[in-house]
Amino acid sequence: MTDQSTVTEAAAPVRPMPDAQTVTAVTHWTDRLFSFRVTRPQSLRFRSGEFVMIGLPDDAGKPILRAYSIASPNWDEELEFYSIKVPDGPLTSRLQHIAVGDRIILRPKPVGTLVLDALLPGKRLWFLATGTGIAPFASLMRDPETYEKFEQVIMMHTCREAAELEYGRQLVENLRDDPLIGEMVEGKLHYYPTTTREQTDRMGRITDNLASGKVFADLGLPPMDAGHDRAMVCGSLAFNLDVKAVLEGFGLNEGANSEPREYVVEKAFVGDGI
Ligand code: FAD
Ligand code: A2P
């Protein structure tokens, strides 16, 4: 008699997957957005805000790798990611179907400019994000060092529709209820989500709400001042360019790991043809 399991294994050998990590949780937020958690390689050290390359093998077993911001803070035992689903995207057309127990590739070499070390000391820190650009700030908002270094932290997140804000909204809500970090963020973390296409209580592009002064008025905060305001920006190339112009208008200058200044920028994704 034939052993069926042996026959199946012989017909479809499991290909070795270097740097593989196991999926521990998956949450679908909209038909275009999901988040997931994976095991963390023991040797992986990173600074909150950095990104790594993650991926899956294609049909021929060749890795399809893409840059992903680590959305979890550096103290977390697992790693969290927040992802777009691009219908025909080489990676995300596959990645959106992962389930608990599946394995993904994770190259443990974190890099990136959205780190606290790349900013000069200051009093207020602005996180400015559209879409999945909130991912690095999901990490930094949960890192106690952010609140040790800054007196106030303002998270501005803008999407077309309210459902696209939900991952960030729940993250901030959980942070406020967290027994360890809740006290630390109390009165320090200002969350300012807006939509641009769906009618909601708070609307408008980040650029417009900064340039018009609406966000300062709404939060009861003084306008940006290069002497003590610092900012981190993560969105599409067009968004990043427009925000940079607004920040420069307030007198802030762009910094980098090698030369800390008043603000830093990273692309949330590389657009078509860019
Ligand atoms: P791709 O061929 O890579 O992209 C196809 C097209 O889809 C792009 O040309 C672009 O128009 C669009 N697109 C890709 N990514 C996005 C996005 N995030 N939001 C809106 N449109 C997009 N993606 C994430 O979902 N989460 C992250 O945390 C993240 N971090 C990144 C960090 C860096 C530094 C960079 C450069 C990119 C990051 N990306 C992130 C984008 C990611 O690398 C992939 O592009 C994305 O996963 C889609 O992969 P794909 O192979 O399916 O399609
Ligand atoms: P808008 O709806 O006015 O275009 P997208 O889904 O196209 O990636 O955009 C995500 C969010 O970023 C949307 O709310 C969009 O507003 C906003 N946005 C896109 N481009 C810019 C830009 N150049 N400056 C400011 N906000 C932008």
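The values are calculated or read from the model by the stated rules, or taken from the named source; none is laboratory data. The model shown is predicted, which means the values in this text are computed figures rather than measured ones. Here the Cβ is made from the backbone with ideal geometry for all residues, glycine too, and neighbour counts use every protein chain on show. The area values use the complete protein model at the heavy-atom level, side chains included, leaving out ligands, DNA and RNA. Shrake-Rupley method; radii C 1.70, N 1.55, O 1.52, S 1.80 Å.
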Please name all residue pairs, on different chains or six or more residues apart, with Cβ atoms under 7 Å, provided the first residue is in the range 193-220 and is within 17 Å of Glu161 (Cα to Cα) and in the same structural domain as Tyr167 (by TED's automatic domain parsing) and the second residue is among the acidic types (Asp, Glu) and assigned to a loop (DSSP other than H, G, I, E, B).
-> Thr195/Glu161; Arg197/Glu161; Glu198/Glu161
Would you check which residues across the range 233-259 are in a loop (DSSP other than H, G, I, E, B) and more than 10 Å from ligand 2 (Cβ to nearest atom) and list them?
-> Phe250, Gly251, Leu252, Asn253, Gly255, Asn257, Ser258
If you check Asp102, Asp59, which single one turns out to be under 20 Å from Pro18 (Cα atoms), surrounded by 15 or more Cβ atoms within 10 Å (Cβ to Cβ) and away from ligand 1 (no atom under 13 Å from the Cβ)?
-> Asp102
Give the residues of the range 111-142 that are open to solvent by 10 Å² or more (accessible area, probe 1.4 Å), of a type outside the set (Val, Ile, Thr) and closer than 14 Å to Glu80 by Cα, sorted by residue number.
-> Arg142
Would you check which residues across the range 53-100 are over 17 Å from the mean Cα position of the chain (by Cα) and among the small types (Gly, Ala, Ser) and list them?
-> Ala60, Gly61, Gly89, Ser93, Ala99
Just one of Asn209, Asn174 is open to solvent by 60 Å² or more (accessible area, probe 1.4 Å), under 22 Å from Pro136 (Cα atoms) and at pLDDT 95 or above; which is it?
-> Asn174
Checked the range 137-163 for anything over 14 Å from Arg230 (Cβ atoms), within 16 Å of ligand 1 (Cβ to nearest atom) and either among the hydrophobic types (A, V, I, L, M, F, W, C) or not in a loop (DSSP other than H, G, I, E, B) (or both); matches are Ala138, Ser139, Met141, His157, Thr158, Cys159, Ala163
Contacts under 7 angstrom Cβ, first residue in the range 221-246 being closer than 16 Å to Asn209 by Cα and without any contact (Cβ under 8 Å) to a residue 60 or more places away in the chain, partner within 16 Å of ligand 2 (Cβ to nearest atom) and of a type in the set (Ser, Thr, Tyr), 6 or more apart = Asp242/Thr207; Val246/Thr207
